[in-house]
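Here's the structure we're looking at; comments come further down.
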Amino acid sequence: MDPLFDFTGCRALVTGGSRGLGREMALALAARGADVVVASRKLPACEAVAAEIAALGRRAVPIAANVSHWDQCDSLAAAAWAALGGLDILVNNAGSGPRLPSPDVSEALFDKVLGLNAKGPFRLAAQLGARMKAQGGGAILNISSIAARVPMPEVVPYSMAKAALEAMTAALAHEFAPEVRVNAIAAGPFLTDIADAWPEEARQTAPNALRRPGRPEEIATAALALLAPASSFLTGAVLRVDGGH
């Protein structure tokens, strides 16, 4: 095990961990020694990824939760902490941003997008960050989007929520310092299952320096670098993983 990326003994919670980028990060952490709670809305999907983690020789706990709901965040935080006897890592990955012209966005959809991408991550980070600080250490990683800074018509509530997530990252990095580090990844387009609905051209090319979308496994190195205990002087950062927008 490379000592710079050794997560032996670490205990992690990954939201949206049953597919896409969340699954990749959960598996990458487990492959390097971490025990992982896999959370998403559908328990069977969590159980499938937990089985993959268990096959790597690590402890895996599947928990169903909708992190857009405040009370379910509290329940998830308590259950994950109890299941692993504490947590050292939180990855706030769950998110969604349906494309819709702004005049057509209903109040219910607006609240849903803000709840999933901003309210839920805040509540989990607030609850678990405080517990990590009290235990003497931890790391939080928020998965943002280039939509927070790059103008993107028809995904305005999502862009707003991700901008809030990045502001939260900076603020909590100070609030929970020095024991807990808080960082974020601003992700570009990735070929997760959501890309199945994209036009073929968008699946092959992208308006970035690398001229293509990312493959899900390409998130892992950035996530590991921001979460690794060896990155002890790295907090409050937002790392763009977008192919060079």
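Any read-out appearing in this document is the output of simple, stated calculations on the displayed coordinates, not a laboratory observation. Keep in mind that what you see is a predicted model, and the values were worked out from it rather than measured. Glycine gets a Cβ as well: all are built from the backbone with ideal geometry, and neighbour counts include every protein chain shown.
Over the chain, DSSP H runs of length four or greater, each weighted -39,500 (n - 2.57), average out per residue to a 222 nm ellipticity of -12500 deg cm²/dmol. What is segment 3-240 by shape, rounded, prolate or oblate, if you read a ≥ b ≥ c off the alpha carbon gyration tensor as root eigenvalues and call it rounded for a/c under 1.5, prolate for a/b larger than b/c, and oblate otherwise? Rounded. Helix 43-55 and the long axis of the chain differ in direction by around 50°, with both axes built from C-alpha atoms. For the chain, the longest principal axis of the alpha carbon atoms and the long axis of helix 20-31 meet at an angle near 20°. Segment 108-140 and segment 1-43 have their alpha-carbon centroids 17 Å apart. Counting neighbouring beta carbons within 10 Å and listing from fewest to most, the residues 56, 141, 4 come out as 4, 56, 141.
A simple count of charges around residue 64, restricted to other residues whose Cβ falls under 10 Å of its Cβ and scoring Lys, Arg +1 and Asp, Glu -1, yields +1. For residue 205 and residue 105, a Förster radius of 30 Å and the Cβ-Cβ distance give a FRET efficiency of 0.60, rounded to the nearest 0.05. Backbone phi angles across segment 164-173, fed through the Karplus curve with coefficients 6.51, -1.76 and 1.60 (θ = phi - 60°), yield HN-Hα couplings of 5, 4, 5, 5, 4, 4, 5, 5, 6, 4 Hz in residue order; Gly and Pro are listed as x. Each of 127, 148, 113 was placed along the dipole of segment 100-176 (beta-carbon charges, centred on the mean Cα), and the one lying farthest toward the positive end is 127.
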